[in-house]
Amino acid sequence: MNANADADSAIARYQIGEVADRTGVTQRTLRFYEEKGLLRPPERMDGGFRLYSENDITLIGYIKQLQDLLGFTLSEIKDMVEAEELLQQMSVTRRPDRELPERLQRSDQIIGALTRQLDVIDHKVEHLTRLREDIRAKMTRVTTRRTEILNALEQEQAVSEL
């Protein structure tokens, strides 16, 4: 057994119910995330029970944040998660002694992953900006109409007082 295997066996693992409780995501949702490729299939116990790591729990929190707080679609979340996994993999396997062409290639892969994440975010921001502008235009129209109504009421009061 090598040192990595020893380290892996010491890492805490959690069953699906524990993960659901910790993350506020249902067990069904966790299975759905796995089915859609948002989560890698977790390790399994001999009885087939799923076992999740702290990294899995962190990723579930990230997915939940993208979905709940930012309104990302599952497709957008998958793009973000895949790019994030590539970034983590590159970070873990970074070696300053690599040949310069290989380091350049890895840098290009990282730039590609970050670009994909920015594209997803830019798309979302563009739609949110458009929605905000539409709502502001509606607010301006309603506020203008309200002012017109108030002016009309004041004129009616002034005429009735005469």
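Every read-out reported here was derived from the displayed coordinates using simple, explicitly stated rules and does not represent laboratory data. Please read these numbers as outputs of a predicted model, since none were measured by experiment. Don't worry about glycine lacking a Cβ; one is built from the backbone with ideal geometry, like all the others, and counts go over all protein chains shown.
For region 17-76, applying the loop criterion from DSSP together with a ceiling of 15 other beta carbons within 10 Å to the chymotrypsin sites (Phe, Trp or Tyr not before Pro) yields 49.
With the biggest extent put first, the Cα atoms of region 111-162 measure 75, 9, 6 Å across the principal axes. Each Lys and Arg Cβ is given +1 and each Asp and Glu Cβ -1; about its Cα centre, the chain then shows a dipole of about 140 debye. Of all the options 150, 128, 70, the one that moves most in a Gaussian network model of the chain with Cα springs shorter than 10 angstrom is 150.
Placing a pseudo-label 7 Å from each Cα along the Cα-to-Cβ vector at residue 91 and residue 110 gives an inter-label distance of 1.1 nm. Its Cα gyration tensor gives region 60-107 an equivalent ellipsoid; the semi-axes, largest first and in whole Å, are 31, 10, 6. Relative to the longest principal axis of the C-alpha atoms of the chain, give the angle of the C-alpha long axis of helix 100-161, reported between 0 and 90° and rounded to the nearest 10°. Taking Cα atoms only, the helix is inclined about 20 degrees.
With semi-axes defined as the square roots of five times the eigenvalues of the C-alpha gyration tensor, the equivalent ellipsoid of region 38-84 measures 24, 10, 9 Å, largest first.
Considering region 1-69 at the alpha-carbon level, its Rg and Dmax are found to be 12.7, 43 Å. Maximal additional length on extending the residue 100-residue 122 stretch stands at 4.7 nm, based on 0.36 nm per residue less the C-alpha distance. Between 47, 61, 24, the residue with the greatest mean-square fluctuation in the GNM of the chain (Cα pairs under 10 Å linked by springs) is 47. The length gained on full extension between residue 136 and residue 22, counted as 0.36 nm times the residue separation minus their Cα-Cα distance, comes to 37.1 nm.
A convex hull fitted to the Cα coordinates of the chain yields 193 cubic angstrom per residue. Using DSSP to call loops (not H, G, I, E or B), can you name the GluC sites (Glu not before Pro) in region 118-162 whose Cβ has at most 13 other Cβ atoms within 10 angstrom? Sparse-neighbourhood loop GluC sites (Glu not before Pro): none present. About its Cα centre, region 1-69 has a charge dipole of approximately 280 debye under the convention of +1 per Lys or Arg Cβ and -1 per Asp or Glu Cβ, with nothing else charged. Computed over region 73-162, the P(r) curve from all C-alpha pair distances, binned at 5 Å from the origin, holds 3, 11, 12, 11, 9, 8, 7, 6, 6, 5, 5, 5, 4, 3, 3, 2, 1, 1, 0 percent per bin. Just checking the listed ones, 78, 138, 36: in the Gaussian network model of the chain with Cα springs under 10 Å, the one fluctuating most is 138.
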